[in-house]
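Remarks on the structure that follows.
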Amino acid sequence: MIKETRREFIKKLGILGVGISVIPAWIEKIFAQVIPKGNSKKYKSKVVIVKNKEVVNSKGKIEQEILTKMLNEAMRQLTGLKEIKDCWNQYFSHNDIVGIKVNCIAGRKLSTHPELVNAIISGLLLAGVKEDNIIIYDRGTQELSKANFKINKNGSGIKCYGNDAVGYEFYPTMIRSVGCCFSKILSTQVTAIINVPVLKDHELTGVSLSLKNHFGSINNPNKYHGNNGDPYIADLNSHPLIKDKTRLIICDAITGLYNGGPGYKKQWTWHYRGILVSTDPVALDYIGTQEIEKMRKAKKMKPLEDVGRPPKHIATAAKLGLGTDNPQEIEVIRKRSGV
């Protein structure tokens, strides 16, 4: 049972260094969901799943209008608001510089879809974010290009480039078990992050969802795949550059991968044709893992734990206070076609 008010909780976390009156608006809005007003109800993290079988047409192309409507519906369900502009204003303002962290390691057939990023950008523009203040990024510029993103390193408008275009911090940072140099995009260029991973399996860490996606924000991710990525993935995400800047997680689940990841393996993909949206990366990763496990079961495959790659980092992230993996504390909202 939560016994503190939202403001008491925020103050205890140290977000407030001065009076209560100076809580940034976006923090107050996010914590309005995280810690409800009053102290009589247990908070549940929301994970919204919207699916539409028509989002991919008969030619295998993404229907932009349908995907945008899917995201709009997810944002309404997440915020409880009707107007899309108001939904996006819950998390972003005209002062923000927003990094959209995509996942392009698997190539065009299993990367974050540019059409989903287009839908996200439409929402950011409604919130007053300037085009010049939007950066689509991943670990490598070439990978972004291969995933069909239009590269723009220095021109006006929306930017799109990899960490290689700007480099990493010169001095490493220690975060519990992890020592790394963060991308300068994350450390110096953006004030807010939208994490846009893909719903997929991983041959070492079990799954590659929102928490794992930030291995693409550091210089040395290959060092941290041992022991199923635990505790490294969770420890990395506990750093303020990630934890405090992340406003939304929007998982691209148009095509899912239930085995053989993180690379594209046609024989183990399935047409999920949906998106998962949350402000809680742990809850989203927990639910995303359940979706992958359901598909593995349907294909008569053993659970991830039974094949030696349980996604242990999700439980560790919960223990670090990054979110919840308790199904009793997660509200899953499912919406299907016709949105």
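The values are calculated or read from the model by the stated rules, or taken from the named source; none is laboratory data. Nothing here was measured: the structure is a model prediction, and the numbers come from that model. Side chains are part of the model used for accessible areas, which takes the heavy atoms of the whole protein and leaves out ligands, DNA and RNA. Shrake-Rupley method; radii C 1.70, N 1.55, O 1.52, S 1.80 Å.
The gain in end-to-end length when the residue 156 to residue 219 segment is fully stretched comes to 20.0 nm, 0.36 nm per residue minus the alpha carbon separation. Using a probe of 1.4 Å, the accessible surface attributed to residue 126 totals some 80 Å² when neighbouring protein chains are kept in position. Heavy-atom accessible area with a 1.4 Å probe sorts 161, 171, largest first, into 171, 161.
With q set to 0.10, 0.12 Å⁻¹, the log10 of I(q)/I(0) for segment 207-339, from the Debye formula over equal scatterers at the Cα positions, is -0.32, -0.47. The slack between residue 126 and residue 146, meaning 0.36 nm per residue of separation minus the straight C-alpha distance, is 4.3 nm.
The 3J(HN,Hα) values that the Karplus relation (6.51, -1.76, 1.60; θ = phi - 60°) gives for segment 142-151 are, in residue order, 5, 5, 4, 4, 5, 8, 6, 8, 8, 6 Hz. Gly and Pro appear as x. Counting Cα-Cα pairs of the chain in 20 Å increments starting at 0 gives whole-percent bin shares of 32, 62, 6.
In whole percent, and with a 1.4 Å probe on the protein chains, what portion of the accessible area of segment 71-116 is carbon and sulfur? Write down the numbers at each step before the final one.
Values: 770 of 1770 Å².
Carbon-and-sulfur percentage of accessible area, whole number: 43.
Given in Å, the Rg to one decimal and the Dmax to the nearest whole number for the Cα atoms of segment 36-113 are 16.3, 52. With contributions of -39500 (n - 2.57) from each DSSP H run of at least four residues, the per-residue ellipticity at 222 nm computed over the chain stands at -8000 deg cm²/dmol. Built from the Cα atoms of segment 256-304, the convex hull projects on average onto 3.7 nm², one quarter of its surface area. Here the accessible area is traced with a 1.4 Å probe on the protein chains. For segment 243-339, carbon and sulfur cover 47 percent of it.
Computed on the Cα atoms alone, the convex hull of segment 53-187 gives a volume of 146 cubic angstrom per residue. For residue 173, the residues 5 or more places off, or on other chains, whose built amide H falls under 5 Å of its own are 180, 181, 182. Look at where the Cα atoms of segment 262-332 and of segment 104-175 average out, and the two centres are 24 Å apart. Computed over the Cα atoms of segment 81-135, pair by distinct pair, the Kirkwood hydrodynamic radius stands at 12.0 angstrom.
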